[in-house]
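The structure appears below as C-alpha cells.
Rule-based calculations on the coordinates, nothing more; no lab input. Just so you know, these numbers come straight off a predicted model, no measurement behind them. No Cβ is skipped: glycine too gets one built from the backbone with ideal geometry, and neighbour counts run over all protein chains shown.
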Amino acid sequence: MPAVLEEQLLDAHVRYELSQWGGDALSQRIIAHTAALFAWFDEVKLDDVCTRAQVEGVIERYAVDFRVGGGLTELWGEFTRIVHTSPTSARVRVDQVLSDHLYEDFAEKLASLEGVRRAVSQWMGQSSAIELVGARMVVGDVLSSMFPAARHPTRPALRQVHARLRTRWLPRLEQHAERFVERVFAARPKRDGAVSTRVLDRGSFRTVLDDIWATMSTRRLSSVFAAICQNDLEDFVVLGYEFWLRFRKSEYFRSTSRELVDHFFCRYGQASLALLLEDIGVTQEMVAHELNTFLTPLLNHALEGGSLERQLRASFEPFYRSEPIACLLAGRAVPAL
C-alpha cells in the first residue's frame, strides 16, 4: 500500500507542476518569481554573493582563454555581406542614419578638442611623407587643370593635339614632376619640430568636416559601401579577429581588465544588487517581460512533447522513493539525517 501511495503522490505532484508551467499560470509564475527575486536583491549586496576573483576568473576563461569557433567569424563575414548588398542600404541615405543635428554635435565636439588638433597639426607638420603626398597631389592637380578632359577645343586639329597631350605627354609630365618633388624633399633639411598649430585651427577643421558632410550626407549607404568590396569586408573581419586573439593575451589587456573589475567593486561592492541593476537600466518589468517572451514558447514545446514531464518526474521521484517518505506513509518515526 505505501508503494502505491508513493506513486499516487508522485503523479499528483507532477500533474500539479505541469499545470503551473503552461498558459496563464506560467506568465503569473514568472511575474511572481521575478518580483520575489527583485525584493531579495534589495537586501543583498554585491560583495555578499560575488568576489573580484570570480569576475576576473570569468574574464580569464571566456575573454582570454576561450577558443572562438570558426563558425562565429564565418557568421560575421556573412553578416557583413548581407549589409553590404542589402536593398535597404540602396534606399537609405547617410543623413537618415546620422542626422544633421547629431552631426552638428559630433563636429562641434571634435572641433573643440584643441589638444588633439594641436597634436595632429604637429604630427602632420613633422611628417615628410604627408608633405610629399600633398605636394604630389598639388602637382597632379595643376597639370590636369592645364589639359582638362571636359573642355575640348572646338577645332578638330586642336582637339587632336589636346588629346595627344593628355594621353601621351601628361603622364610623362606628372612622372617628371613627381621625381623633381621627391628630389627637393630628399635634399631639404629636416625640421626641428616647431610647427604652427594654425594648420588645424578650429575654424579650418570645422570647415573640412562640413565639406565632407555636405558631400557624404545625401549619398545612399550602398554608394558609401561600394568603396569597399565584399572580399575586403571579410578580410577586415578576419584581421579584427586575429587582432583580438593576440590582444586578449597581452599584459595590457589583463592589467586593465583587473583595474576595471577593481573599480567596479569599489563602486558597487557595498551596494545592493537592486541598486546595481537600476544603475544599468534593468528593471523588474523588463526581466519578467523577456522571460515570458523566451521561456513561454520553450516551455510550451517541452510540455507538449513530454520532455518537461520526464524532467519533473526524474527530479521528484528520488524524494518520493526516499526512506523519510516511506516512514511517514507507514506511520513510523522519520530517522534523523
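So the values come out like this:
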quantity: Relative exposure of Arg118, Arg67, judged by other C-beta atoms within 10 Å (fewest first); calculated: Arg67, Arg118
quantity: Cα gyration tensor shape for segment 21-61, rounded if a/c is under 1.5, else prolate or oblate; calculated: oblate
quantity: FRET efficiency estimate (nearest 0.05) - Cβ-Cβ, Arg15 to Glu259, R0 51 angstrom; calculated: 0.40
quantity: Chymotrypsin sites (Phe, Trp or Tyr not before Pro) within segment 1-45: DSSP coil, no more than 12 neighbouring Cβ in 10 Å; calculated: none
quantity: In segment 203-250, trypsin sites (Lys or Arg not before Pro) in a DSSP loop with at most 16 other beta-carbon atoms within 10 Å; calculated: Arg219, Lys249
quantity: Proxy reagent accessibility, fewest Cβ within 10 Å first, across Leu98, Leu277; calculated: Leu98, Leu277
quantity: Simple label model, 7 Å out from Cα along Cβ direction - Val208 to Leu298, nm; calculated: 5.1
quantity: Residue order, fewest to most surrounding Cβ atoms within 10 angstrom, among Lys109, Lys45; calculated: Lys109, Lys45
quantity: Sparse-neighbour loop sites [trypsin sites (Lys or Arg not before Pro); segment 281-337; at most 14 other C-beta within 10 Å; DSSP]; calculated: Arg321, Arg332
